[in-house]
1. Based on the Cβ-Cβ distance from LEU633 to LYS661, what FRET efficiency comes out when R0 is 22 Å, to the nearest 0.05?
2. Between beta-carbons, use under 15 Å as the cut-off and find the net charge around ARG543, counting Lys and Arg +1, Asp and Glu -1.
3. For segment 320-336, just list the computed ³J(HN,Hα) in residue order, Karplus coefficients 6.51, -1.76 and 1.60, θ = phi - 60°, integers in Hz, with x standing in for Gly and Pro.
4. How many angstrom lie between the C-alpha centres of segment 1-51 and segment 509-569?
5. So what's the angle, to the nearest 10 degrees on a 0 to 90 scale, between helix 310-319 and the longest Cα principal axis of the chain?
6. Could you pull out every residue, at least 5 positions away or on a different chain, whose amide H is within less than 5 Å of the one on VAL110? Hs are placed 1.01 Å off N in the peptide plane, and Pro or chain starts have none.
7. Using the Karplus equation 6.51 cos²θ - 1.76 cosθ + 1.60 (θ = phi - 60°), what ³J(HN,Hα) coupling, rounded to whole Hz, does each residue of segment 287-295 give in order, writing x for Gly and Pro?
8. Evaluate the relative contact order of segment 616-720 (contact order divided by residue number), counting alpha-carbon pairs under 8 angstrom at least 6 apart; express in whole percent.
Amino acid sequence: MSSCVAYFSAEFGIDETLPIYSGGLGVLAGDHIKAANDLDLPLIGVGIFYSQGYFQQRIREDGVQEHLFPRIDPLTSPVKPVLTSDGRPLSVEVPIADRKVVLTAWSAVVGRVTVYLLSSDVDRNQEQDRRLTDHLYPGDPDTRISQEIILGIGGVRLLRALGIRPGVWHLNEGHSAFLALERIRELSAEGTSFDTALEAVKASTLFTTHTPVPAGHDVFGLELMDRYFGDYYWQLGADREKVLALGRIGDGFNMTRLAVTVSTKVNGVSKLHEEATKELLHRWMPHIPKEDIPVDSITNGIHLGTWLSPGMKALFDEYLDNLWEKKIADPKTWLPIRSIPASALWEQHLRNRSGMIERLGLPIAAPSVGKTLIVGFARRFATYKRANLLFHDLERLDRIVNDPSRPVCFIFAGKAHPSDRPGQELIKKIVEVSQSERFKGRIFVVENYDMEKAKALVQGVDVWLNTPAKPMEASGTSGQKAAVNGVLNCSVLDGWWCEGYNGRNGWAIDGATEGSDQERIRADSAALYELFESRIVPLYYDRDEQGIPTEWVAMMKESICSLAPVFNTQRMVDEYWKQLYAPVMTRGRYFAADGLEVAARVAAYKRFIRDNWHEVRVGRTGVSSLRVTKIGLTMVRFEAEIALGPIWHKDVKVEAVGSGKNGIWKTKLTLAKSLDNGMYRYEGSLFIDSDSLWLAKSNIRVIPVSKDFGNDFEMELTAWGDT
């Protein structure tokens, strides 16, 4: 299996019967696995079998969240032990601080795709080590780093024991980035130098980041790193400082920084998140303009087969092409949705609503089905998701929900991490509001949110509400699950909704983008109330003679037609394969061929460049302009004298770089003459429509380049002129 993709993730939300996920990251990972199966792609998953999962949530009457940790019984879960050829449990060892910890593995099979899950709950381990894989995302840093050693280092060792040699190593978030260290250690044990091993590992590694929130990026203190890797550093063929430099930011070891360093491709999960990720990495590389930071994006999608309600699927089967499920990424597939009678689509939606009310045990009387607007808000209770935005003005909310002729109900669901006190306070506040006399029967809180309850909500509410502080929502997928079921989105223009909203398929909360947190909350809450008062509620209650909200149903059709073909995992994973997996696999083979010949050459080249980069400097520069009157443009000429020291002039790119109204601009300068004093003169020109602003913000930049680099900024080196 040398051509497969190994997809490493700290959590997998495959099925509600296997609760080893906490939220969106895990559910996305599960949908990714299912789509790989649908597309018959050679992919395997690697994760951890948490014996007590994330946690079961109980909400007390006073709104306090309690955390329950029942053990998962493997005998009743969709997993089976991974065995050796002679029928014994397969095991591997990993170094945890000063001891060896034995790991066994379980497998969950999703069609043709297998997900391997590691566990330290083994009789041969000490009791403290058996408990290392009990809980997902423990707050204790010692347990956290131990789990990431198990996932990264243990995951590599498991695949080796299974005889699996992936062509691509996909880090789904930075939790698994220690796998790169283990792969370097393997090559070092074979006599490969650290630098060459790093290049070989980097060439076949891909990193997907899912959050701009600092809490989503694990950082370990250097003392903690020394305690857990003190006997491991030397095994990589390098000293402590060189290994720590792979992920060091200040006084901490940042797992996201490690993942970026060891990956040939980095991607965010929406177009807006690509920009947010560039902003994050720009803080670590301030000498590189944000626009030049090498980050791509593939917007998340959902697995329709998992999230589409059975009733809605039956309706689609009736009106769409017989093979529609094989062609969900084709917009033409969804055109027949517009021909579904409004009464048929609305009646199916009402059946979904009734099913949700029954499954969740909500005290909403059955006769009121379709006569009360129901809004859902369900996601992890982190403060940036602003679950309390709706409660900024309780008097105004009271008027909205208790209009006797146009009532509105809100359903909230979600968990806050056991260590997240502010998130738990959000839940407590919402429970308190829901129990007040004027909001009883209008605001509901559903406890122990999981995949099963998520399906009921995204299939049964009328409106899906999302209120994050922009741009903190990397992508989000719950609204996509709602959309395919005909549920309309009302969201801040963040994450995927920034790409999906077209003005006719839902509503955008058009609040503030600047100001303090409180100022933005006031603006966004006011915009949210206005949407419900003037647009959402009136449209929902505008019915025809048969009691059907025809304009609302037309918007449901537009939502399905415009969003379903785009925000699905069939499209998403196909893009991963074409844009990332296939190129990375080719690059990895190229670097590994002929005994790592290319990896060794690139390592030597980079070493030479780094050793001599201090001699590269920009000397005298000149800028002149000539008005080209016939076409109304200005031709700007640039000159620069560059000192390169022993570095060959063909190993650098010289550019004039500046900023204008459309972002940065750059134009390449070419070698014009070798000067006697060891300098080189470069020249170039650019046509612009105005020279005053552009030229005032221009400079000369030198960067090292190579045909074997994945991008121009792979070495993160630049030399700028004095300005």
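No value in this document is a laboratory result; all are computed from the given coordinates. Everything numeric here is computed off the predicted structure, so don't read it as measured data. Glycine gets a Cβ as well: all are built from the backbone with ideal geometry, and neighbour counts include every protein chain shown.
1. Numbers: r = 15 Å, r/R0 = 0.70.
The calculated FRET efficiency here is 0.90.
2. Values: positive: LYS371, ARG406; negative: GLU347, ASP462, ASP542, ASP544, GLU545, GLU551.
Summing Lys/Arg as +1 and Asp/Glu as -1 gives -4.
3. 8, 4, 4, 9, 4, 5, 8, 10, 5, 7, 9, x, 5, 4, 9, 4, x
4. Cα centres, segment 1-51 to segment 509-569: 33 Å.
5. Helix 310-319 sits roughly 80 degrees off the main axis of the chain.
6. The list, which skips near neighbours in sequence, is VAL115.
7. Running phi through 6.51 cos²θ - 1.76 cosθ + 1.60 with θ = phi - 60° gives 7, 10, x, 3, 5, 8, 4, x, 10 Hz.
8. On the way: 211 pairs, mean separation 30.8, N = 105.
Normalised by residue count, the contact order of segment 616-720 is 29 percent.
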